[in-house]
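Structure first, commentary second.
The values are calculated or read from the model by the stated rules, or taken from the named source; none is laboratory data. On a predicted model such as this, the values are computed, not experimentally measured, just so you know. Cβ: placed from backbone, ideal geometry, glycine included. Neighbour counts: every protein chain shown. Accessible surface is based on the protein model in full, side chains and every heavy atom, while ligands, DNA and RNA are left aside. Shrake-Rupley method; radii C 1.70, N 1.55, O 1.52, S 1.80 Å.
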Amino acid sequence: MIKLENVTLKRSLGLWAIVGLGLGYMTPTIVFDTFGIVSKETNGVVPLAYITALIVMLFTAISYGKMVKVFPNAGSAYTYTRETMNPHLGFLVGWAALLDYLLLPMVNALIIRIYMVSVFPNVPAWIWVVAYVAAVTGINVWSMGKTSNMNTILVAFELVLIAAFLVLAIVQFSHGIGKGTVITFDPLYHSGVRLSAVLTGATVVCFSFIGFDAVTMYAEEAKDPKIMPKAIMLTVFIGGAVFFIASYFAQALFPDVSHFKNTDDTLPEIGLYVGGTLFKLLFISGAFAATVASGLASHASVSRLLYVMGRNGVLPKPW
């Protein structure tokens, strides 16, 4: 009989596949969704809030990188706590982490429902939730390779749209919109900016970085366990760079929130103001792709946490 402790996952993921899963979990387009909220909170220095959050996250990323070297197993914080402190404490950390990893897939399903109901109002809303969950679960069950490939396509689509936004923003600057120039220090500091407000904004945008820690869930599936610390740092740096550059251009284009009718989700209006109705639709489709990519990555992460906890015998025994 094979002991559960000796069962491991198939090592099939390369460095960039793991980084892609981390970026998919992080949802790069979220910077445009929360832009209005953070801009209002920080008095127009969203990029500074992202830099502050990135610095904090780097310390956390370094810590995860150290731990994954010592314990190259799936399970992330649950495994590290269990192995370094106490199995019972690890059990508590595992269940606390499950609240996070289970919540995000549910949130993604609700967001997809909102998108689809807005396009097809006559179709019962629950159908979209069932269809989405079935599709994402099916892809994850099919294979990790298929999950990674689909995630890569979706993340690439998001990044292409963000690049298109930057180009269109430069065109708008040439027309005198916003600050009228790409080179300006105002998105980072100007009169009226308070440290307490920046820190408050940073706590909001920290949510955007959720996902780099989930990268450690794939430690047992990395082709070479030694790439894991590098994958963690690349995920944080690339994600942070995307957030900073996108928020810098958005802040230079919209110095305050007076342009927006709905500051709770500014992505559609940013797309409309920058590139017209067509780009607005493409931008929303990018947000849709981001939600699906996040769903794929979060599904994969939570399944691996449950797998490791089950392997360690801390979940209810099967009948």
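For beta carbons closer than 6 Å, sequence separation of 6+ or different chains, a first residue in segment 56-82 that is closer than 16 Å to residue 206 by Cβ and a second that is buried (at least 21 other Cβ atoms within 10 Å of the Cβ) and of a type in the set (Val, Ile, Thr), the qualifying pairs are 57/236; 61/232; 61/236; 64/216; 64/232. Selection of first residues in segment 288-303 that are closer than 26 Å to residue 95 by Cβ and of second residues that are not in a helix (DSSP H, G or I), restricted to Cβ pairs under 7 Å at least 6 apart or on distinct chains, gives the following pairs, ordered by first then second residue: 294/27; 297/211.
In segment 257-283, the residue that is farthest from the chain's Cα centre (by Cα) out of those that are in contact (Cβ under 8 Å) with a residue 12 or more places away in the chain and open to solvent by 50 Å² or more (accessible area, probe 1.4 Å) is 259.
Listed here are the residues, each with its yes/no results for (1) more than 30 Å from residue 257 (Cβ to Cβ); (2) out of contact with any Gly (no Cβ under 9 Å at 6 or more places or on another chain); (3) not aromatic (Phe, Trp, Tyr).
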residue	(1), (2), (3)
27	no, no, yes
30	no, yes, yes
37	no, no, yes
41	no, no, yes
82	yes, no, yes
93	yes, yes, yes
100	no, yes, yes
104	no, no, yes
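In the list 241, 222, which residue meets the criterion of being without any contact (Cβ under 8 Å) to a residue 24 or more places away in the chain and either within 27 Å of residue 69 (Cβ to Cβ) or in contact with a strand residue (DSSP E or B) (Cβ under 9 Å, 6 or more places away or on another chain) (or both)? Step through it out loud before you land on a result.
On the way: 222 fails: without any contact (Cβ under 8 Å) to a residue 24 or more places away in the chain.
Answer to the check: 241.
Of all residue pairs spaced 6 or more apart or on separate chains, those with beta-carbon atoms under 8 Å, a first member in segment 126-149 that is within 22 Å of residue 217 (Cβ to Cβ) and a second member that is among the charged types (D, E, K, R) are 132/113; 139/146; 144/10; 144/221. Residues considered: 58, 23, 54, 48. Of these, the only one that is of a type outside the set (Phe, Trp, Tyr), at pLDDT 90 or above, surrounded by fewer than 18 Cβ atoms within 10 Å (Cβ to Cβ) and assigned to a helix (DSSP H, G or I) is 58. Evaluating residue 114 against the criteria (1) buried (at least 20 other Cβ atoms within 10 Å of the Cβ); (2) free of Cβ contacts under 8 Å to residues at least 24 places away in the same chain leaves one unmet condition, (1).
Quick one: would you say residue 230 is more than 20 Å from residue 48 (Cβ to Cβ), surrounded by fewer than 15 Cβ atoms within 10 Å (Cβ to Cβ), over 22 Å from the mean Cα position of the chain (by Cα) and of a type in the set (D, E, K, R)? Quick ask: steps written out before the conclusion?
Numbers: more than 20 Å from residue 48 (Cβ to Cβ): yes; surrounded by fewer than 15 Cβ atoms within 10 Å (Cβ to Cβ): yes; over 22 Å from the mean Cα position of the chain (by Cα): no; of a type in the set (D, E, K, R): yes.
Here the answer is no, as residue 230 does not meet what is asked.
Check whether at least one residue in segment 219-227 is assigned to a helix (DSSP H, G or I), open to solvent by 60 Å² or more (accessible area, probe 1.4 Å), charged (D, E, K, R) and more than 22 Å from residue 290 (Cα to Cα), and report yes or no. Yes, some residue in segment 219-227 is assigned to a helix (DSSP H, G or I), open to solvent by 60 Å² or more (accessible area, probe 1.4 Å), charged (D, E, K, R) and more than 22 Å from residue 290 (Cα to Cα).
Pull up segment 61-98, narrow it to residues that are of a type in the set (Val, Ile, Thr) and farther than 16 Å from residue 230 by Cα, then point me to the one that is surrounded by the most Cβ atoms within 10 Å (Cβ to Cβ). Spell out the reasoning first.
Restricting attention to segment 61-98, the residues satisfying the condition of being of a type in the set (Val, Ile, Thr) are 62, 68, 70, 79, 81, 84, 93.
Right, trim to farther than 16 Å from residue 230 by Cα and you get 79, 81, 84, 93.
Details: 79: 25, 81: 22, 84: 12, 93: 20.
The selected residue is 79.
Within segment 242-261, not a single residue is over 17 Å from residue 31 (Cβ atoms), modelled with pLDDT under 85 and either out of contact with any helix residue (DSSP H, G or I) (no Cβ under 9 Å at 6 or more places or on another chain) or of a type in the set (Val, Ile, Thr) (or both). Just a yes or no: is a residue in segment 187-201 aromatic (Phe, Trp, Tyr) and either part of a helix (DSSP H, G or I) or crowded, with 22+ Cβ neighbours inside 10 Å (or both)? For segment 187-201, residues aromatic (Phe, Trp, Tyr) and either part of a helix (DSSP H, G or I) or crowded, with 22+ Cβ neighbours inside 10 Å (or both): absent.
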